[in-house]
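This report concerns only the one structure given below.
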Amino acid sequence: MRTFSKRVTFLNPFLLPGMVQPHPPGEFDVLVEEEPLDVMWEAYHRTLTFMVTSQGLTEAYRVNEESLDALISADRAIPANPTSPALGR
């Protein structure tokens with residue numbers, strides 16, 4: 001198993017699946033776990049992706065890579081405006 005993290009930035013409020021209300025913009029850590037596949041070459045299967053937020057308390061939201069990439073793309077497509085949330089599906 002291997003684990004790594006990456007940092008993502010949202011310029012606008014956003015809503016991940018499972019969130020009750022939009023989260024303020026900022027920088028967030030995304031934690032990823034992958035298991036090796038039993039094949040002839042080095043390959044991994046992603047088993048878990050969490051985005052960690054902090055707004056007075058630490059929260060972790062399970063998110064798939066496609067949803068997270070779509071949210072980041074939607075966030076970049078609109079001008080930075082704290083009153084326009086980018087909604088996740």
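The values are calculated or read from the model by the stated rules, or taken from the named source; none is laboratory data. Only a predicted model underlies this, so the values are computations on that prediction, with no experimental measurement involved. Cβ: placed from backbone, ideal geometry, glycine included. Neighbour counts: every protein chain shown. For the accessible areas, the whole protein counts, side chains as well, though only heavy atoms, and no ligand, DNA or RNA atoms are used. Shrake-Rupley method; radii C 1.70, N 1.55, O 1.52, S 1.80 Å.
Among the protein heavy atoms, those of V52 account for about 40 Å² of accessible surface (1.4 Å probe, every chain in place).
Solvent exposure of L48, expressed as accessible area, is near 40 Å², computed with a probe of 1.4 Å over the protein chains only. Taking only protein heavy atoms into account and a 1.4 Å probe, give the accessible area per residue of region 1-57 in Å². That works out to 64 Å² per residue. Taking label positions 7 Å along the Cα-Cβ direction at both R62 and V8, the computed distance is 1.6 nm, reported to one decimal.
Ranked by accessible surface with a 1.4 Å probe, highest first, in what order do I72, I78 come? Walk me through the numbers before you get to the answer.
On the way: I72 40, I78 60 Å².
Final ranking, largest accessible area leading: I78, I72.
Around the Cα centre of region 3-54, unit charges on the Cβ atoms of Lys, Arg, Asp and Glu (plus for the first two, minus for the last two) sum to a dipole of about 300 debye.
Which FRET efficiency, nearest 0.05, do S73 and F50 yield, Cβ-Cβ r, R0 35 Å? FRET efficiency, S73 to F50: 0.95.
Taking Cα atoms only, the orientation of helix 65-77 departs from the longest principal axis of the chain by about 30 degrees.
Here the chain exposes an accessible surface that is 54 percent carbon and sulfur, computed with a 1.4 Å probe and the other protein chains kept in place. In the Gaussian network model of the chain, springs joining C-alpha atoms below 10 Å, which of P79, P25, P13 carries the largest mean-square fluctuation? For the chain, modelled as a Gaussian network with Cα springs under 10 Å, the answer is P79. The amide H of M19, built 1.01 Å from its N in the peptide plane, has no neighbour under 5 Å, considering only residues 5 or more places off or on other chains. Projected over all directions and averaged, the alpha-carbon convex hull of the chain occupies 6.5 nm². Ranking of S73, S67 by solvent-accessible surface, largest first: S73, S67 (1.4 Å probe, protein heavy atoms only, all chains present).
In this calculation the C-beta distance from L15 to E42 is compared with R0 = 35 Å, giving a FRET efficiency of 0.45.
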